[in-house]
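Single-structure report; data block below.
Quick note: the coordinates plus some simple rules give every number you see, no bench work behind them. Keep in mind the model is a prediction, meaning the values are calculated, not measured. Virtual Cβ from ideal backbone geometry, glycine too; neighbours counted across all protein chains shown.
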Amino acid sequence: MIKVVCEHVFKKFGSVIAVNDFNLEINDKEFIVIVGPSGCGKSTSLRMLAGLEEQTSGEFYISGQRVTDKQPRDRNIAMVFQNYALYPHMNVYGNMAFSLKIQGVDKQEIDRRVKEAAEILDISQYLDRKPKELSGGQRQRVALGRAIIREPAVFLMDEPLSNLDAKLRVQMRTEISKLHRRLGATTIYVTHDQIEAMTMADRIVVMKDGIIQQIADPQTVYDKPVNQFVASFMGMPPMNFLECSIKEQDGKLMFISEDLSITLPENWVSYLAGMKGQQINLGIRPENIVVDSSAHNIQAKVEVVEPLGSETLLHLRVGGQGLVVKAGPDYKPSVGEMIGITFEMNKAHVFSKETGITII
Amino acid sequence: MNNKKMSNYLWYLLVILVAAPFLFPLLWIVLASFKTQSQIVTSPPLWIFTPTLENYKSVFVDQQFSKFLFNSSVIAIGSTVLSLIIGLPAAYTISRYKQKVLGVFILLARLMPGIAYLIPWFMLFTKLGMVDTYSALIASHMLVGLPFIVWVMVNYFDGLPHELVEAAQVDGCTLQGAFMKIVLPLSGPGILTASTLAFLFSWNNFMFSLVLSSERTKTLPIAIYNFVSYAEVSWGSVMAATVVIILPAIILTMIFQRYIIKGLTAGAVKG
């Protein structure tokens, strides 16, 4: 039973707080993805857990053992780095065998485990090559091999795919997921790529400015973001936000802004009745806006049409505000055309304009 | 095509023009070392003559040059090896923990004119009874070698991705273990450059050796200096001895030139 606990972890660089009260409990065999923009403290958090960076305060536990003051080698972890960090003077075999040699594992056992790991990762034919003779994808496999051969309690991965080209990244993503299923090892994976987070994670930790914003499974993070930052960070293209005020017209509560007026859905009225006259941000994902020629309440001007083959992205303008809409692949309006759209309000969100916190 | 050939020729002509003033004295020294005293002083200089090994014989047999060669070797190798033993971990620490200020202080020791150390050292080593010992000379030569090694290696280590050491630490190494197993094996060219140059500094050192050595530990540069007596200057022997001194320098530089250039520019450009 391998459980990882991070308790009230802080990291300060001078007066800058890089990680602010990081609390996380990771269950056995769980695949956790920490995601956030660059500089949000995600890598620092991982490096502190690895023992490569000293925390300013806070505690770490792995399998019930307090490891806060322990050296990286005494934490029973393996780490995969963004730039692979393969030892250039050793061949693939040497790279993979390195940790076992240090542990004093006997030669036959090392040989067996290296070959087994190489088999799993499909790098058996490269064992006597030097890292520089390998492609990026192969190097990343070796780095994974070096990690799995140790059979550690926890795998830590620091943006392992960001040096790979887009196609290889997708391929390695599924391979890491497969590998995780096969080994069942507790894994903490850091990335700035929300697609990696969505596709790989059991649970996602979204960070910004050193603070954890939300911890939840991918669908929950997507469907029920706790604030506007999480809503905008997860999803591609990102969620649209429209500045509106809540006003009463003809006895009905409406979202009103320039060239836009939408009646509040019935079930929202009780939540927002008290906010009459206040400014909010209405959030709606591109796939939740429907192009509808019969709709007359929202008229949008087409600014850019981006056909992607499987769908078409429309960049629209409603009053002063921009919107991105996902439409069918065959729908290609001309630029400058006015089209009617409707919002699927049951999928929309309302965020506080001041704090960004989700109201609905 | 012709244009390219032409510019090639021009290029070589330019190289020869630049190199000639540097190489001519060297050529003159080597030729003179195989001449008799009268052939050397002949004007205009003789370019074709029957070479003699008398000068070398005189240097090695009469002047006991093998002893000075041995002294110079012990002191140069000793000071270089000790400088490496102290300097490499020091440089790595400075690089890893970004202690640039410390690095500058070490460099300051090097930038101080060596002559400033001479009198205090002479008094110190006399009191300790260490004048004319290998230890005193090795220690004094390390003043030049050690800061140089630290300075070159800090730049070199800065160029190594620190993730390599972190990976080794996660893989089970202590920091010292990672230094020995990962950092040092990857630093061959840098270490080669730094130690070659530190060796040559010591090999060529005149001032410290002049004051701190005597009969027992006399080094090559001092031995040559002693050739110049009141009565006469045996130019042939001086030239032969000079060839003996500069030969290791030339050989080392020729062998390691590729690394030396790489080492001196280490960290300047990401490879």
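Some points to look at:
- The range B:62-264, relative contact order in percent, only Cα pairs under 8 angstrom and at least six apart counted: 32 percent
- Cα centroid separation - the range B:90-104 against the range A:105-144, whole Å: 35 Å
- Shielding by partners - mean other protein chain Cβ count within 10 Å, residues of A:42-54: 1
- Sorted largest first, extent of the protein assembly as shown alpha carbons per principal axis (Å): 123, 68, 52
- Whole-angstrom Cα spans of the range A:4-233 along principal axes, big to small: 51, 39, 31
- Mean separation of Cα pairs under 8 Å and 6 or more residues apart, divided by the residue count, gives chain A a relative contact order of 15 percent.
- Kyte-Doolittle at least -1.0, axis length at least 15 Å by Cα - qualifying DSSP helices, chain B: B:2-33, B:65-96, B:100-111, B:115-127, B:134-158, B:188-204, B:235-264
- Overall, the ratio between the Cα radius of gyration of the range A:95-196 and 2.2 N^0.38 Å, rounded to two decimals, is 1.08.
- Comparing A:Ala216, A:Ala166, A:Ala117 in a Gaussian network model of chain A (Cα springs below 10 Å), the most mobile by mean-square fluctuation is A:Ala166.
- Largest GNM mean-square fluctuation among B:Leu128, B:Leu160, B:Leu26, using chain B with Cα springs under 10 Å: B:Leu128.
- Residue exposure proxy: A:His192, B:His162, B:His141, ordered by other Cβ atoms within 10 angstrom of their Cβ from fewest to most, comes out as B:His162, A:His192, B:His141.
- Range in chain B, longest, excluding exposed chymotrypsin sites (Phe, Trp or Tyr not before Pro) [loop by DSSP; at most 10 other beta-carbon atoms within 10 Å]: B:98-229
- Summing +1 for each Lys or Arg and -1 for each Asp or Glu among the other residues whose beta-carbon sits under 14 angstrom from that of A:Pro218 gives -3.
- Here the Gaussian network model covers chain B, with springs between Cα atoms less than 10 Å apart; of B:Ile86, B:Ile16, B:Ile77, B:Ile16 fluctuates the most.
- Taking other residues whose beta carbon is less than 9 angstrom from the beta carbon of A:Gly184, and scoring Lys, Arg as +1 and Asp, Glu as -1, yields +2.
- In the range A:240-352, Cα pairs under 8 Å separated by at least six residues give a relative contact order of 30 percent.
- Calculated P(r) of the range A:240-352 - Cα pairs past 23 Å, %: 28 percent
- Start at zero, step by 5 Å, and the Cα-Cα distances of the range A:203-298 spread as 2, 11, 18, 19, 19, 15, 10, 4, 1, 0 percent across the bins.
- Per-pair calculated FRET efficiency, R0 = 51 Å: A:Leu308 and B:Leu107 via Cβ, rounded to 0.05: 0.30
- Based on alpha-carbon atoms, the Kirkwood radius and the radius of gyration of the range A:8-125 give Rg/Rh equal to 1.03.
- The range A:11-81 and the range B:184-253: distance between their alpha carbon centers, rounded to Å: 55 Å
- Average silhouette area of the range B:94-201, convex hull of alpha-carbon atoms, in square nanometres: 8.2 nm²
- Neighbour-count ranking [beta-carbon atoms within 10 angstrom, fewest first] of B:Ser73, B:Ser135: B:Ser135, B:Ser73
- Global geometry of the range B:5-123, whether rounded, prolate or oblate, following the gyration tensor of its Cα atoms and the 1.5 cut on a/c: oblate
- With 22 Å as the limit, the listed pairs A:Lys12/B:Lys98; A:Lys42/A:Lys130; A:Lys301/A:Lys326 have A:Lys42/A:Lys130 beyond it between alpha carbons.
- Cα shape, the range B:7-75, gyration tensor, a/c 1.5 rule: oblate
- Neighbouring Cβ atoms from other chains, within 10 Å of the Cβ of residues in A:143-150, number 1 on average.
- Whether chain B is rounded, prolate or oblate, judged on the alpha carbon gyration tensor where a/c under 1.5 counts as rounded: oblate
- Cβ-based net charge around A:Gly58, under 11 Å, with every Lys or Arg adding one and every Asp or Glu removing one: -3
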